[in-house]
1. Would you mind listing the strands (runs of 3 or more DSSP E) fully within region 403-463 where at least 3 residues are modelled with pLDDT under 95, out of contact with any Ser or Thr (no Cβ under 7 Å at 6 or more places or on another chain) and surrounded by fewer than 18 Cβ atoms within 10 Å (Cβ to Cβ)?
2. Would you confirm, using the coordinates I've provided, whether Ser516 is modelled with pLDDT under 95 and open to solvent by less than 30 Å² (accessible area, probe 1.4 Å)?
3. Cβ-Cβ under 8 Å, sequence separation 6+ or interchain: first residue in region 255-283 and touching a residue at least 60 places away in the same chain (Cβ under 8 Å), partner of a type outside the set (Val, Ile, Thr) and loosely packed, with under 14 Cβ neighbours inside 10 Å. Which pairs?
4. Go through region 93-142 and tell me which strands (runs of 3 or more DSSP E), entirely inside it, have 1 or more residues that are of a type in the set (Asp, Glu).
5. It is to be established whether one or more residues within region 351-360 are at negative phi, polar (S, T, N, Q), open to solvent by less than 50 Å² (accessible area, probe 1.4 Å) and touching a residue at least 12 places away in the same chain (Cβ under 8 Å).
6. Would you say Gly382 is on the phi < 0 side of the Ramachandran plot and at pLDDT below 95?
7. Give me the pairs, please: first residue somewhere in region 186-198 and modelled with pLDDT of 90 or more, second residue anywhere and of a type in the set (Gly, Ala, Ser) and open to solvent by less than 80 Å² (accessible area, probe 1.4 Å), beta-carbon distance under 6 Å, and either six or more positions apart or on two chains.
8. Evaluate the following for Ala78: is it in contact with a His (Cβ under 6 Å, 6 or more places away or on another chain) and in a strand (DSSP E or B)?
Amino acid sequence: MKNHDVMVAFKSAMGEFKVHRVRFFDYMPSAIHALAFAPQRERIAAARADGSVEIFNVADHFFQEKVIPGREERVTEALAWVGERLFSAGLNGEIVEYDLDNHKVKYTLDAYGGPIWTIASNKQGTHLAVGCEDGTVKLFEVCEGKIQFERNLAKQKGRVLSLSWHPSGSRIAAGMMDMIQVFDTETGQSVHRLLVERRIGPAKNKECVVWSVVYLSDGTIVSGDSSGKVKIWDDQTGTLIKNHQVTEWDVLALSVSQDETSIIAGTSEGTVIQFQFLSLALGQEEKEWIRTRTFKNHTHDVRALLEINTAIVSGGMDTQIVMRPLLDKTEVKTTATAFRMINFPHRSLVSCAKKTGLLLFQYPTHLELWRLGESDGTGMSGSSLPIKRKPEKVLHLKTKGEEHICCSTVSSCGEWIAYSTESRLRLYRLHSDNNNVSITKVSKLPKVLSSANQVCFSSDSSRLFVASARSTVHVVALSRTECKFVNTLKSKSGSGQAIHLLASSEDGKWLASANSAHEVHVYNLKTMKVHCTVPVYSSGVSAMAIHPTTNNLFMVHADQQLFEYSLEQKQYTDWSRMVQRNSLHRVWLERDTPVINVTFNRKNPAHIILQDMYMFCIIDQTLPLPVKNSLLYNQLTLQSLPEKERKSQSHAFKVCKTYKELLFAGLMEDQSLVVVERPLLDITCQLPPPVRRKLFAT
C-alpha cells in the first residue's frame, strides 16, 4: 500500500464516511542513545541519535510533555540531570545545557577533549564529569546559569567511555579499553587500575570495551563490557569479586535502583537482565549480587536503561521506549504503573488543509505536502472504492541550516505553510495553477517573530498565531501583499512554560493555548485580551479543539480524562460535569497512548472525533456513557444484534480499531475521514539488522 491513498467505504453506528487510508508518511523515529531520571521532579529525559531530547512526566502517565528538536551533526551520547537542570554531551565534543521552560538549547560549551562519550553528575549537584576521546576526565563546576571548567583528572591512554561518581563525590570510576580507572577527585590522581579480561578464543586479540560502570555507596564497582560480562569489583582492594557472563555479545548499559538493592544490565541482544542484592540462605546476613530476571522487550541493542521507583525503563536502536513495571515493587496496580511502549510522539506531525484536501507531513529536516486522491464511487462497508485521481506529492520543502523542525502547519485553504526551527520561523505562500504548485517565501516577517514552539492559522487563513517564549502568542495578519504584526497575547499570571498546543475557533473570536504547566488560557481575539483561564487540572493536555458551532473547548488529558468547557459561560458544560460525576469506562482509562487529535463533525455537532495511536473514537454526546460492566469496544457486537437490543446496548463511545498504528485521523470539509497509518512493522523493516555490537563513530 506504499504511496497509496486507498479510499474505503466505512459504515457503522457512527455514520457513513469515505475514508482516505494514507500510508505515504514515512515517519522514522531515531534510535534512543541515553536516558536520565530526575527523581525530585519525576521526569525522564531521553536523547535520540538525531540530537533531539524528549522529557517525559513519570507521574503523568509517562506523557511526553516537552520535545527539544535535534540538529544535524549533534550526536548525543549521554545525559545528566543536576537538580532541575539538564545537560548532555556528544561526539561533537560539546556539553549542552537546555532551557527546559522554552524547549531550547540554552548554551553549548566545547570541552576541548575531542568527542565526549559520557557525562555524569555527582550526587551533591556541584560538579559534572565528562569522559573524552583524548583520555581525559574533565570536571566542571555547576554554577548559577552556567558551568565552569575546573580541572582534568590524570590523563590516560585511550578514550574514556563510561563514568560513575561514588555517592560521596570523593571518587570517580572511569570505564575504558581493557580497564577501569578509579580517581580521587581531590588529588585528580588514579588510585586503582582494575584490569578487565578479554574474551577467550579467537576474540582474545580484541580490546575489551567497558561500556558502563556503576559506583555504589559501599565501595562496590559494577561494570558491563563487550565480553558480555557484568563484573563486581571491590574498590578498596581493587579486586574482582564476582563475574557474571550474561550474553555472548555486549553489555552496553547499567543502572542501579535508588536504594542500591537492584542493578539492571542492557545487552546488544535486546535483553535486560536484573541482579538483586540478596542473602543466599534464609536468616543469613551476608548478601551478594544474584542474577534474578531477564526481560526481552527489544529487537535490537538496549543502549540506555533506568531503574526508577517501580519500573524499568529501556530504549535503544529499535527506537521505542519501554516501561516495564516491577510487580514486586508495585503495591497497587493502577494505569500509571502499567506496562507501556512509546513508539510515536505525543503530538501530531500531520496537519491538513480541510477545504482543499492537502496533508502536510513534518520530518526533522523537511516538509512534504500531499494532495489526497479522489473517488467518485460508493461501496459496501470496508470495500475499496475506485480511484478517480491518485494522491500526489506536490511539495518537498527542505530546511536550510542544521536545525531540525519543531512545529509546522498548513492553512485550511491550503494557501499558507508556516514552520519553525529552534531559532527561525518561516512563512510561505502557495500558488496553485492547474495542479502545479509553486511557493513564495515571505521574506519580510515582523521582527518579533524570531521562532515558535507552536503555530496555527485562523480558520479563514487571515491570521497566523505564533506561540513564542514564556507562554506568549503573537498575532499576525496575512494578506496577499504583506504580513503584519497585530498584537501579542499574554496571560495575566502563569508559569511562563512554553505552549505546546494552540486551537482557534471557526468564527475567529477565540484562541486557546495549553502549556506544559497544564495551564489553558483562552484569548478574545476581538479585544486581544485574556478571556478566561480553564481550571488547572493535574494532568497535561494532550489534545484540544474548539467546537465550530457551540464554541465549547474540548480537552483530552494524558490520563485520558475528557473535559468540555463553555467559552461563553466560562464554566464546564453539563455534559462535562456528567462525565466527571459518572466517571469514564475502565478500558478507556487503561489505554496507554494519549489522544493527539480532536476534530468535529459539522453535519452532526454532537459527534466528537478523538484519535490515539491505536484507534479513533467518535463520541456521540446524545447517547449515555458506557456503564462499568458494558463492552467499550462493542461496534461489531452491535451490528449483529436486533435493533431493539442494539439500542439498549448502544453508548456514546464508538471506537474503531480497524486501522494500523495511527499518526493522524480527522474529518475533511467534504466529510471524508483521513487516517494516516504508520504500521510499526514498516518501521522495524527499515531498521538495520540487529548488529549486536556497538561500533565507534569514525
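1. Values: elements: 407-410, 416-420, 425-433, 436-441, 454-457.
Strands (runs of 3 or more DSSP E) meeting the threshold: 436-441.
2. Values: modelled with pLDDT under 95: yes; open to solvent by less than 30 Å² (accessible area, probe 1.4 Å): yes.
It is true that Ser516 is modelled with pLDDT under 95 and open to solvent by less than 30 Å² (accessible area, probe 1.4 Å).
3. Hits for this filter: Gln258/Pro39; Ser268/Arg693; Glu269/Glu248; Gly270/Lys296.
4. Details: elements: 94-99, 104-110, 116-121, 127-132.
Result: 94-99, 104-110.
5. To start, the set of residues in region 351-360 that are at negative phi comprises 351-356, 358-360.
Among the residues that remain, those that are also polar (S, T, N, Q) are: 351, 356.
With open to solvent by less than 50 Å² (accessible area, probe 1.4 Å) added as a condition, the list becomes 351.
With touching a residue at least 12 places away in the same chain (Cβ under 8 Å) added as a condition, the list becomes 351.
Yes; the residues of region 351-360 include at least one that is at negative phi, polar (S, T, N, Q), open to solvent by less than 50 Å² (accessible area, probe 1.4 Å) and touching a residue at least 12 places away in the same chain (Cβ under 8 Å).
6. Details: on the phi < 0 side of the Ramachandran plot: no; at pLDDT below 95: yes.
Answer is no for this residue.
7. Matching pairs, first to second residue: Gly188/Ala154; Gln189/Ala154; Ser190/Ala154; His192/Gly238; Leu194/Gly238.
8. Answer is no for this residue.
The values are calculated or read from the model by the stated rules, or taken from the named source; none is laboratory data. This structure is a prediction, so every number in the text was calculated from the model and none was measured. Quick reminder, even Gly has a Cβ in these numbers, built from the backbone with ideal geometry, and neighbours come from all protein chains shown. All accessible areas refer to the heavy atoms of the entire protein, side chains included, with ligands and DNA or RNA removed. Shrake-Rupley method; radii C 1.70, N 1.55, O 1.52, S 1.80 Å.
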